[in-house]
Structure formats: C-alpha cells, structure tokens
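S.K.: Would you mind keeping the following structure in view while I ask a few things?
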Amino acid sequence: MTDATTADARLRRAFHASGPHRTLHAKGTYASGTFTAAPRSAELGIAAHLQGSPVPVLVRFSNGSGNPKSPDKAPDVRGMSVSFRTETGATDLLGQTAPRFPVKDPGKFVEMTEAVAAHSKPWKLAAFLARNPSVLGPLAANAKAGAIKPPKSFAEATYYPVHAYAWIAPDGSRRWVRYIWRPVDAAAAATPTGANWLVEELATRLSAGPARWDLEVSVASESDDPHDPTSQWKPVETFIAGTLSVDATAPDPEADGSIIVFDPTRIIPGIELSNDPILLFRAAAYSASASHRA
Ligand code: HEM
C-alpha cells in the first residue's frame, strides 16, 4: 500500500513531469453533449441521470500517459471521462480502453506504471511481471482487445469504467453494476497524421455530427465480487442503459484557472460506492494531481 502524495510523486517522476498538468492522462480535450437513459434504467435505478430526460454532460478524452506532449501514435490507453450534470449534482464515470484492470492494490498500480513508463529500461517491466504473475492474464486480455493500440479516432474506441457501483431501485432494492461504453455507428476515420491527430480528428468529426456511445450495464450475480476491480463476473442481466451523444468540442474549462477533476467516487443519491481499494484510493490520488494545477 502507498499514500496518495507518494504515489503522485512517483508517477510524476516516472514521466519526468514538472508542469501544471494532470499526473496521468495529461494530454486531453473537452467536449459537451447529453446522456439519455433507456427505460430499463429507471426500473432499476432512482439516480437522476437514469430517469430518461437528456442530462447535460462534460466529457474529456485523453491519452493515458503522464507526458502532456505524448504523440498520439504512441501505444497507450485512451480515456473518456464523463461528468453527468444532473439536477441533484454531478456524478462522474471515467473509462479507459483496457477491459481488465490488472491489480487490486494501488501501490502495485504505481509500480506497474513505473515499469511500463521506463521504455529505455525494458527489464523493469520484465522484472515486474516476474514478481507479479497474476497480472499476465489481464494484460494479455487487454492486448487482445487492442487496449493500447493507437486508435484512428477517440470516437471508435470502447471505454471500460472498471469499478462496480450499486444502483438503488425505486423499491429500495440494491444491485451491483459494471459499465462499458460501446461506440455506436462511428464513421471510419481518415489515416492519422501528426502528433495531435486524435484531438484534430475529433473536432472535424463533431463539426459534421455527434459521436455516440451506448452505455452497457451488467448486473452482478450473487457470486460476483463488486469490491475487487480484477474480478470477472457472470452477470444475471446485461442491457443498454442509455446513449451518450457527444455533440461539440468544448473550450478548455481550466483555461481561466479553474480546476476540473473527474472523480470516480463523485456520486449522487441512488448510486453507492463499493469497498474496492483502487476506487477509494483514486479520490485522494486525483486531488494530489490537481494540486499541481492550483
Ligand atoms: C490506483 C489506481 C489509479 C491511480 C493512482 C490513478 C491515477 C490517476 C491520476 C493521478 C489522474 C489525473 C487526475 C487529475 O489530475 O484530475 C488520472 C486520470 C485518469 N484516470 Fe486514473 N488512476 C488509477 C486508476 C484508474 C482506473 C481503474 C481507470 C479506469 C477506468 C482510470 C482512468 C483514468 C482516466 C480516464 C483519467 C483522466 C481523467 C480526466 O480526463 O480528467 N484510472 N488517474
């Protein structure tokens, strides 16, 4: 185990970071749109964004690296962070392109990121893998899913928010769910050119029409573990909970000195957190990262 300040310092060192930017997912771009829930969501959840009226969202697409100048052709996970701005407050869902999270201890995540970032010292990753053989299965599954293969567009990627959350239903019953954002009818992108292709391509694409994702929800069975981000589930139900429409690029809301943090523990009435140690660590880690932008 580690603490958030130490984790932040180690992650910044791994990417030789010194500027006022995010410690991870340093390079990104903002967009706006709406999320509209499908009827099954309101049957299973009372949270405001699940009721079916379009809810405004702020979205940030990113490269996973802690280097804000990381070229888009570099192998890396990509992120899509969505903040649902409901009448009862904001709730955030942060997804990235890796379907399986490989570790359940935040310290191990830091160690793994250090090993992956040390490109010029490939033995560091080999040594990490030798010490932690349980990560091999998830990393192989992520490679198979193309998690770090550079996409031609942020709009063609599938994003996995990883953690389980509880939904409270109108009758007071409680279900653990996990999410996947699946792209809908993403038109093929042109051949990438240049270091900032993904941001430029998104702007061109959105000027011609929205990019859309379905939110796929899996409901845990009794035997599924919601508190372990590495657990694999045998869900009792999987359904489309709604559709995200990303309509336009948005000006950088941090340009005036404001700080925007997408926080996976930011919830509203009707949603509850698990005891997942990775999820619970992230709030403090993201605050430590935000302190560099203060
Ligand atoms: C212990 C585990 C983790 C640590 C220490 C960590 C650390 C960080 C940090 C420091 C940031 C920058 C936050 C900011 O400055 O606002 C960040 C951003 C991000 N992380 Fe994580 N992370 C972890 C796990 C995950 C997981 C499991 C996911 C998968 C869904 C994820 C997805 C993202 C995304 C999408 C962003 C970009 C947020 C934005 O656009 O502002 N992270 N992470």
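The values are calculated or read from the model by the stated rules, or taken from the named source; none is laboratory data. Quick caveat: nothing in here was measured; it's all calculated off a predicted structure. Counting neighbours? That spans all protein chains shown, and the Cβs are built from the backbone with ideal geometry, glycine included. Accessible surface areas use protein heavy atoms only, side chains included; no ligands, DNA or RNA. Shrake-Rupley method; radii C 1.70, N 1.55, O 1.52, S 1.80 Å.
S.K.: With a probe of 1.4 Å, find how much accessible area region 1-84 has per residue, and write the answer as a whole number in Å². Mind dumping the intermediate values first?
M.R.: Values: 3310 Å² over 84 residues.
With the other protein chains kept in place, region 1-84 gives 39 Å² per residue.
S.K.: Another question, if that's okay. Using amide H atoms built 1.01 Å from N in the peptide plane, name the residues 5+ places from residue 91, or on other chains, whose amide H lies under 5 Å from its own.
M.R.: 84, 86
S.K.: A follow-up question, please. Can you pull the Kirkwood radius for the chain, inverse mean 1/r over Cα pairs, to one decimal in Å?
M.R.: Details: mean 1/r = 0.0510 Å⁻¹.
Across the chain, the inverse of the average 1/r is 19.6 Å.
S.K.: If you keep only loop residues by DSSP, which GluC sites (Glu not before Pro) in region 132-237 have at most 12 other Cβ atoms within 10 Å of their Cβ?
M.R.: On the way: sites: 156, 200, 201, 216, 222, 237; in loops: 222.
Answer by residue number: 222.
S.K.: Go through region 167-178 residue by residue and turn each phi into a ³J(HN,Hα) via Karplus (6.51, -1.76, 1.60, θ = phi - 60°); whole Hz please, and just put x for glycine and proline.
M.R.: 9, 9, 8, x, 8, x, 6, 10, 10, 8, 10, 10
S.K.: For a quick size check, give me the Cα extents of region 1-88 along its three principal axes, largest first, whole Å.
M.R.: Cα spread of region 1-88 along its principal axes, largest to smallest: 47, 33, 22 Å.
S.K.: Evaluate the charge dipole of the chain about its Cα centre and quote only its size in Debye, nearest 20, assuming +1 on the Cβ of each Lys and Arg and -1 on the Cβ of each Asp and Glu. Please report the intermediate quantities before stating the final value.
M.R.: Numbers: 30 positive and 29 negative charges, 203 e Å.
Dipole size: approximately 980 debye.
S.K.: Right, next: Treating cross-link reach as a plain straight distance, find the lysines whose alpha-carbon is under 16 Å from the alpha-carbon of residue 152, omitting any fewer than eight places away in the same chain.
M.R.: Cα-Cα hits under 16 Å: 73.
S.K.: In what sequence, largest accessible area first, do 112, 80 appear using a 1.4 Å probe?
M.R.: Most to least solvent-accessible, the answer reads 112, 80.
S.K.: Which of 150, 39, 226 moves the most in a Gaussian network model of the chain with Cα springs under 10 Å?
M.R.: It is 39.
S.K.: Working with all protein chains in place, sort 163, 25, 227 by solvent-accessible area computed with a 1.4 Å probe, largest first. Can you show the working numbers first?
M.R.: Values: 163 5, 25 40, 227 65 Å².
Correct descending sequence by accessible area is 227, 25, 163.
S.K.: Another question, then. Quick one: Karplus J couplings for region 253-262, per residue in order, coefficients 6.51, -1.76, 1.60, θ = phi - 60°, nearest Hz, x for Gly and Pro?
M.R.: Coupling constants for region 253-262: x, 9, 4, 8, x, 5, 10, 10, 10, 7 Hz.
S.K.: Here is a follow-up. When the accessible area of region 12-120 is computed with all protein chains present and a 1.4 Å probe, what percentage of it is carbon and sulfur?
M.R.: On the way: 2440 of 4250 Å².
C and S atoms contribute 57 percent here.
S.K.: Here is a further query. Dividing the convex hull volume of the alpha carbon atoms of region 141-185 by its residue count, what do you get in Å³ per residue?
M.R.: Dividing the Cα hull volume of region 141-185 by its residues yields 100 Å³.
S.K.: Further question on the same structure: Among the GluC sites (Glu not before Pro) in region 51-136, which ones are in a DSSP loop with at most 14 other Cβ atoms within 10 Å of the Cβ? Mind listing them? Don't skip to the answer; put the middle values down first.
M.R.: Values: sites: 87, 111, 114; in loops: 87.
Sparse-neighbourhood loop GluC sites (Glu not before Pro): 87.
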